[in-house]
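Read the figures in this text as sums done on the coordinates, not as results from a lab. All values reported here derive from a predicted model rather than from experimental measurement. For neighbour counting, all protein chains shown are included, and Cβ atoms are generated from backbone atoms with ideal geometry for every residue, glycine included.
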Amino acid sequence: MNILFIASEVESFVKTGGLADVAKALPLELKRAGHDVRIIIPGYSAIAQREHGPIVTGGTLSTEPQYVDVPYEIRQLHLADIPLYLVENKHYFERPSLYGENNNAYADNGERFAFFSAAALQATEQLGFRPDIVHCNDWHTALVPMLLKTRFGQNSFFAQTKSVITIHNGAFQGICERGQLWALPEIRNAANDAIYQGPYYVNFLKCGVLYADKINAVSPTYARELMSYLGGHGMAKHFQDRSADICGIINGCDYNDWDPSTDHLIPARYHVDDLQGKAECKRQLQQRANLPVCDLPVFGMVCRLTEQKGLHYLLPILAKFLVHNVQVVVVGSGDPVLAQRLEAIAQQFPQKFVFFNAHSNELAHLVEAGSDFFMMPSQFEPCGLNQMYSLAYGTLPIVRAVGGLKDTVTDYDQNPAQATGFVFEEPEPHDLLNILRRALLLYVQDPHEFRRIQRNAMLTRYLWSDSVHEYEDMYRKALGWQ
Ligand SMILES: Nc1ncnc2c1ncn2[C@@H]1O[C@H](COP(=O)(O)OP(=O)(O)O[C@H]2O[C@H](CO)[C@@H](O)[C@H](O)[C@H]2O)[C@@H](O)[C@H]1O
């Protein structure tokens, strides 16, 4: 199949979160499976490799006569042997950040990603790449399915093209004033009330859910949650209406980047039968964090600082947990209020708790390798990648039973024989504290049992090559081939 993968970030070029990891690993695996894959993303000035790629085409996005047409250029880079196209426009993408600054989204994000989506499709035709499937990801590219049926609906080039959308995070929906879509009158003036959020706003994700030929969430549990009122981020009814076309496909883990036996971002390598390197990673993590270098259990956490990641469960109980003989290391960036609260606790417990207010891939690898446990008490979690990295690094994940966390971690109490970590149910700080204590107790009282679970965890595999079969299946269904 010819697959156009359209996303707002791709690991190795530009990344703020897990979407970027998937937008790298999935196209690579689809390519390995024999498909012709092209990736297209916005040409942010933050992309360091940008100057090495040639401009391969360009043009203007035509709009209504009263507005000026919007210019763009297409630059070509490569992700391994996959062409990666950047849609460049100085006004929209030459900014210090991808989506916003100082924790505030850019006010014209709707306009920016509407422009990107339409220009990406127009450029695809200019490049002569006729996609069977346009694979959209999250709200940023969720207008694409509707554009294929409106602006490009009569265009014979796209006559056989079908669209799918993957929901990585349904909480972000891209709600913007209708006026921001001045360049896309076919959407701004559409008679379909369902895509609007009240009379004045458009909801990008709704457009995707209504118009995509097939939809998937990044885990089976999250697919079910999206159709429930509690987990549907206010869009449950729209997901329910499309229930026949929705499936859940668990993300894979990219073991090329996340394998402790080959990882060169960590100070020592190790594998399931020889954990000496892990002990060295722990020592170096403790040194780096300025914590006493000793055999206390280390609980790590790496995340964007947002409510989603369950910091409001952790913050109220962190001081109580730090009364025990433990060390806790958190690496995160995002919400300044959450950062301040973490910093205040770090000052109170300098010998036990360290907070790195940073986005650092190298630190993320060190925390994964050097910790004994990894905390992911998310409020909701479409799939989650860090718990998979933790399993591979023998760092027992402590997670809440939601979304992909529920699908990937087996709880010690529920299923001791196959346990790979610890799972708690209720969205309550006290439940998190209980499970942290349970994990601590196991570490202190039964090192052999801890080692056995660690072994289970390290032998667990979530392979992209398995998930790709499910994506191929979804594409075939979208194309009506089965
Ligand atoms: N401060 C920091 N420093 C360094 N690295 C950091 C970091 N904060 C986060 N990261 C990295 O960003 C990625 C986060 O991935 P996740 O899947 O856990 O969450 P995210 O919510 O971004 O992704 C969304 O999309 C993905 C992909 O589908 C879903 O798995 C997930 O549930 C959904 O919320 C990991 O690679 C992690 O190491």
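Against the chain, whose longest principal axis is taken from its Cα atoms, helix 311-321 shows a tilt of about 10°.
If each residue's Cβ is checked for other Cβ atoms within 10 Å, how do Asp108, Asp446 rank with the fewest at the top?
Asp446, Asp108
In terms of other Cβ atoms within 10 Å, Thr221, Thr166, Thr262 run from fewest to most in the order Thr262, Thr221, Thr166.
Could you list Asp273, Asp241 in order of exposure, starting from the residue whose Cβ has the fewest other Cβ atoms within 10 Å? Working shown, then result.
Details: Asp273 7, Asp241 15.
Result, fewest neighbours first: Asp273, Asp241.
Label separation (Trp182 vs Ala33): 4.3 nm, computed from points 7 Å beyond Cα along the C-beta direction. From helices alone, the chain scores -10500 deg cm²/dmol at 222 nm; the rule is -39500 (n - 2.57) for each run of n ≥ 4 DSSP H residues, then divide by the residue total. For the stretch 445-477, the residues whose backbone nitrogen is under 15 Å from a point 7 Å from the Cα of Asp259, taken along Cα to Cβ, are 458-466. Against the longest principal axis of the chain, how steep is helix 464-478, in degrees 0 to 90 to the nearest 10, with axes from Cα atoms? In the chain, helix 464-478 runs at an angle near 30 degrees to the longest axis. Backbone amide hydrogens, once placed in the peptide plane, bring Gly248 within less than 5 Å of Ala217, excluding anything fewer than 5 places away on its chain.
For the stretch 366-372, 3J(HN,Hα) computed residue by residue from phi via the Karplus equation (6.51, -1.76, 1.60; θ = phi - 60°) reads 5, 5, 4, 7, x, 8, 8 Hz, glycine and proline entered as x. Each of Ser371, Pro336, Pro447 was scored by the projection of its Cα onto the charge dipole of the stretch 334-482, and the greatest displacement toward the positive side belongs to Pro447; charges sit on the C-beta of Lys, Arg, Asp and Glu.
Of the GluC sites (Glu not before Pro) found in the stretch 387-482, those that fall in a DSSP loop while having at most 13 other beta-carbon atoms within 10 Å are Glu425. The 3J(HN,Hα) values that the Karplus relation (6.51, -1.76, 1.60; θ = phi - 60°) gives for the stretch 157-169 are, in residue order, 4, 9, 4, 9, 6, 10, 10, 10, 10, 9, 9, 8, 7 Hz. Gly and Pro appear as x.
Efficiency by 1/(1 + (r/R0)^6): what FRET value for Ala319 and Cys294, r their Cβ-Cβ distance, R0 = 22 Å, to the nearest 0.05? Don't skip to the answer; put the middle values down first.
On the way: r = 21 Å, r/R0 = 0.95.
Computed FRET efficiency for Ala319 and Cys294 comes out at 0.55.
Go through Phe172, Trp182, Asn415 and say which Cα lies farthest out towards the positive end of the charge dipole of the chain; charges sit on Cβ, +1 for Lys and Arg, -1 for Asp and Glu. Among Phe172, Trp182, Asn415, the one farthest towards the positive end of the dipole of the chain is Asn415. For Ala171, project a label point 7 Å along Cα to C-beta. Then give me every residue of the stretch 330-353 with its amide nitrogen under 12 Å of that point. Label zone hits: 335. Distant-in-sequence amide contacts of Leu305, defined by a placed amide H-H separation under 5 Å and a gap of 5 or more residues or a different chain, comprise Ser333, Gly334, Asp335. Between Ala279 and His469, the contour length at 0.36 nm per residue exceeds the Cα-Cα span by 64.7 nm.
So what is the relative contact order for the stretch 276-459, in percent, with contacts set as C-alpha pairs under 8 Å and at least six apart? Kindly include the intermediate steps, with their values, before the conclusion.
Numbers: 339 pairs, mean separation 39.3, N = 184.
Taking the mean separation of contacting Cα pairs over the length of the stretch 276-459, I get 21 percent.
Which GluC sites (Glu not before Pro) in the stretch 68-146 sit in a loop by DSSP (not H, G, I, E or B) and have at most 12 other Cβ atoms within 10 Å of their own Cβ?
Values: sites: Glu73, Glu88, Glu94, Glu101, Glu111, Glu125; in loops: Glu94.
When the GluC sites (Glu not before Pro) of the stretch 68-146 are filtered for loop state and at most 12 Cβ neighbours within 10 Å, Glu94 remain.
Taking every alpha-carbon pair under 8 Å whose residues sit at least 6 apart, the chain reaches a relative contact order of 12 percent. Placing pseudo-labels 7 Å out from each Cα toward the beta carbon at Val444 and Asp108 gives an inter-label distance of 5.8 nm. The alpha-carbon of Lys309 sits under 30 angstrom from the alpha-carbons of these lysines, leaving out residues fewer than 8 places away in its chain: Lys15, Lys24, Lys206, Lys214, Lys237, Lys278, Lys282, Lys320, Lys352, Lys406.
Show me the ranking of peptides 413-424, 131-142 by mean Cβ neighbours inside 10 Å, starting with the highest. Before the final figure, lay out each step's value.
Details: 413-424: 17.1, 131-142: 26.7.
Ranked by mean Cβ neighbours within 10 Å, highest first: 131-142, 413-424.
Our coupling estimate for the stretch 284-297, obtained by passing each phi through the Karplus curve with A = 6.51, B = -1.76, C = 1.60 and θ = phi - 60°, is 5, 5, 4, 5, 4, 8, 6, 9, x, 7, 7, 8, 7, x Hz, Gly and Pro reported as x. Charged side chains reduced to their Cβ positions (Lys and Arg at +1, Asp and Glu at -1) give the chain a dipole of some 160 debye around its Cα centre.
Nearest 0.05, what FRET efficiency do Val272 and Glu307 give at R0 = 45 Å with Cβ-Cβ as r?
Numbers: r = 35 Å, r/R0 = 0.78.
Step by step, r from the Cβ atoms, then E = 0.80.
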